[in-house]
Every structure is written in structure tokens, then in C-alpha cells.
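Student: I have a structure here, written as C-alpha cells, and I will follow up with some questions on it.
Just so it is clear, none of the values below were taken in a lab; they were calculated from the coordinates. Note that the structure is a prediction, hence the values are computed from the model and not measured. Cβ placement follows ideal geometry from the backbone for every residue including glycine, while neighbour counts extend to all protein chains displayed.
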Amino acid sequence: MQERNYRRLVRSSAAYDLLATAGFATPWTFHVVHKLLSQISPLPPFEPAHVLLANLLGSIVIVWAALRLVRPEPLLGLFDAVSRGLFLTWQLYYLLVMNGASFVWFFAAFELAFLVSQAGGYWLLVKARTGVAPQGTVTERLASAS
């Protein structure tokens, strides 16, 4: 994989994140998002602490997305792949164990797609740069990546 293509992938995942989570960043926009999602699958009313957590999540994700839009570096793509693995894990737990709202499958599909493409793309990029496939655990790769 060429670095230019990988950077484009990192930017596209950031653009998706910005679009998918911007509505969670403020109490006012979250109210609109909650109302729309409740029309797809019934959601319970949110208490103030739930709104706060949704706003914190939305805020940090839009900042993370902005960073990757401005600096779509391969290392950030690798870190994003790891974060998507975490998000996907909790989305699947919510869906399969807690019988959560079905619209989450839509978001989980994007998490999986960007997880696989960014992790695989990083692997291919390192292989193209060095001629050797990356070795070691994910933790070792994150620690030594640059």
C-alpha cells in the first residue's frame, strides 16, 4: 500500500467519525440525535449523567477526528484501528449481551470496516516500506511505530 492511499483512508475514517458523532457533542444536538434514533429503535429517556457521558464521548471523538483530518499520519491510523477494535467490542457486547437497540449494527459495521482496512493497510504499508511484514504484538508495534 502506498502511504498516500493510507493517509486518504485515515482521513476518510476521520470524516466518518466527525459526521457520525458531531451530534453527540452538545446537549442540544444530542437531544435531536436521541429523538431521531428513538424513531428507529425505542430508547429510554436519558438522565443528565447519561447526556454528560454522551457529550464527553462526542467531544473527544470530534477532536480525535479533527486531528486525523489535519494530520493523517500512519501511526494515527494504527491507533485509530485499535480504538475501533475497542468500540466494536463494546458495541457487540451491547447488541448481543444486552439486547441493545438495533441501529447500533449500522455503526458496528463501519467500525469493523475501518478497523480491518486501517489495521490491514498499516500492515501493508510497513511491509511496502521495509519489505518485511510487521512482527510482534500490537502493543510492541504501537510502542515502536513512527
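Student: Looking at L75, is it more than 19 Å from T21 (Cβ to Cβ) and surrounded by 12 or more Cβ atoms within 10 Å (Cβ to Cβ)?
Tutor: When the stated conditions are applied, L75 passes them.
Student: Between a first residue in the stretch 41-68 that is in contact (Cβ under 8 Å) with a residue 60 or more places away in the chain and a second residue that is part of a loop (DSSP other than H, G, I, E, B) and surrounded by 14 or more Cβ atoms within 10 Å (Cβ to Cβ), which pairs have beta carbons less than 9 Å apart while being 6 or more apart in sequence or on different chains?
Tutor: S41/G100; S41/A101; S41/F103
Student: Could you please find all residues in the stretch 27-50 being crowded, with 16+ Cβ neighbours inside 10 Å and not hydrophobic (A, V, I, L, M, F, W, C)?
Tutor: Within the stretch 27-50, just H34 meets the criteria.
Student: What are the pairs with Cβ atoms under 9 angstrom where one residue, in the stretch 19-34, is touching a residue at least 60 places away in the same chain (Cβ under 8 Å) and more than 15 Å from L52 (Cβ to Cβ) and the other, located anywhere, is hydrophobic (A, V, I, L, M, F, W, C) and surrounded by fewer than 19 Cβ atoms within 10 Å (Cβ to Cβ)? Sequence gap at least six, or different chains.
Tutor: A20/F107; A20/F110
Student: If the Cβ limit is 8 Å and pairs must be 6+ apart or interchain, which residue in the stretch 79-95 that is touching a residue at least 24 places away in the same chain (Cβ under 8 Å) pairs with which residue that is of a type in the set (D, E, K, R) and assigned to a helix (DSSP H, G or I)?
Tutor: D80/R68; R84/E111; F87/E111; L88/E111
Student: For the stretch 103-123, does any single residue satisfy the condition of being on the phi < 0 side of the Ramachandran plot, without any contact (Cβ under 8 Å) to a residue 40 or more places away in the chain, surrounded by fewer than 19 Cβ atoms within 10 Å (Cβ to Cβ) and assigned to a loop (DSSP other than H, G, I, E, B)?
Tutor: Checked against the condition, which is being on the phi < 0 side of the Ramachandran plot, without any contact (Cβ under 8 Å) to a residue 40 or more places away in the chain, surrounded by fewer than 19 Cβ atoms within 10 Å (Cβ to Cβ) and assigned to a loop (DSSP other than H, G, I, E, B), the stretch 103-123 yields no hits at all.
Student: If you don't mind, there's one more thing I want to ask. Scan the stretch 1-26 for residues that are surrounded by fewer than 19 Cβ atoms within 10 Å (Cβ to Cβ) and of a type in the set (S, T, N, Q) and jot them down.
Tutor: Q2, N5, S12, T26
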